[in-house]
1. N212 to D97: extension gain in nm, 0.36 nm per residue of separation minus the Cα-Cα distance?
2. Compute the length gained on full extension between L173 and V205: take 0.36 nm times their separation in residues and subtract their Cα-Cα distance, giving the result in nm to one decimal.
3. Which residue, N63, S242, I167, has the largest displacement toward the positive end of the dipole of the chain when charges sit on each Cβ (Lys, Arg +1; Asp, Glu -1)?
4. Kindly provide the helix-only [θ] at 222 nm of the chain, computed as the sum of -39,500 (n - 2.57) over DSSP H runs of four or more divided by all residues, to the nearest 500 deg cm²/dmol?
5. In terms of the Cα gyration tensor, with a ≥ b ≥ c the square roots of its eigenvalues, is segment 127-243 rounded because a/c is under 1.5, prolate because a/b exceeds b/c, or oblate?
6. Neighbouring Cβ atoms within 10 Å as the yardstick, rank H49, H139, H131 fewest first.
7. Once you charge only the Cβ atoms, +1 for Lys and Arg and -1 for Asp and Glu, what is the size of the charge dipole of segment 31-109 about its Cα centre, to the nearest 20 debye?
8. Counting only other residues whose beta carbon sits under 11 Å from that of V36, what net charge do I get with K and R as +1, D and E as -1?
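Each value in this text was obtained by applying a stated rule to the coordinates, not by laboratory testing. Keep in mind that what you see is a predicted model, and the values were worked out from it rather than measured. Backbone-built Cβ (ideal geometry, glycine too); neighbour counts: all protein chains shown.
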Amino acid sequence: MIDLYPAIDLLGGRVVRLRQGDYADETVYGDDPILVAREFASAGAIWIHVVDLDAARSGDPVNRPVVAAIAAAVAGNAQVQTGGGVRTVDDARQLFDAGVARVVMGSAAVSDPEVVVAVSEVVPVAVGLDHRDGDVAVHGWTEGSGLRLDEAFGRFPTADVFVVTDIGRDGMLVGPDLDGLTRAAELAGSPVIASGGVSSLADVVALSAIPNLGGIITGKAVYEGRFTVVEALDALARVESSS
């Protein structure tokens, strides 16, 4: 079955969502990310996707103690995948020692694919490919990289998975880019986790039909009450049982 990754985005220790990656356009959903993580795990999620937005922008891992607390809080029930400011082997090792099961590398991976090879020897790596209309963006989505999404997958032979985020849809509740994600899943070689735009259970079901898709990240839709984690997991289970 495709895994559901309910998301916790951290900014200043709070649970937030940004619109299209714009740090000036945030919505705060809570001050207790550990409680949110426990609720996701209690609902049946076996993965939780955590993003340190402060570290993604500045490189300063100010939320790392919070990430460690989340991993400890859900240990034995859910695994934590985390990104934001993971730029070196030492960053990855610290997160692994804190209980993180998989790190997401974006900017550092794009600028130096060899670092993914080195980090993969410490902890599984999800390469984060965040794009606007197929152009991969870096540094908290503030800069273009000059790399096209279609060309990126072959650069990371040791990637455990790829997290593909459509920046223009992220936090907008406009639906995912099904055609683009289908193409990404065909090209990737490793499972693709879809991110950006999920707004309904119908979107979850539509994504689950994409061959080679490994997971679905959902954030704002859950926080806005469009559906619950339990409902999404039930929908995925029904698709699995009928296939």
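1. Details: separation 115, 0.36 × 115 = 41.40 nm, distance 3.02 nm.
Here the answer is 38.4 nm.
2. Details: separation 32, 0.36 × 32 = 11.52 nm, distance 1.53 nm.
Extra length from L173 to V205 when fully extended: 10.0 nm.
3. S242
4. Numbers: 11 runs with 90 residues, N = 243.
Taking each H run of at least 4 residues, the total per residue is -10000 deg cm²/dmol.
5. On the way: a/c = 2.31, a/b = 1.40, b/c = 1.65.
In terms of gyration-tensor shape, oblate.
6. Working: H49 28, H139 16, H131 25.
So the ranking, lowest neighbour count to highest, is H139, H131, H49.
7. Details: 6 positive and 9 negative charges, 48 e Å.
Taking the Cα centre of segment 31-109 as origin, the dipole is about 240 debye.
8. Details: positive: R14, R38; negative: D9, D31, D32, E39.
Taking every other residue near V36 into account, the sum is -2.
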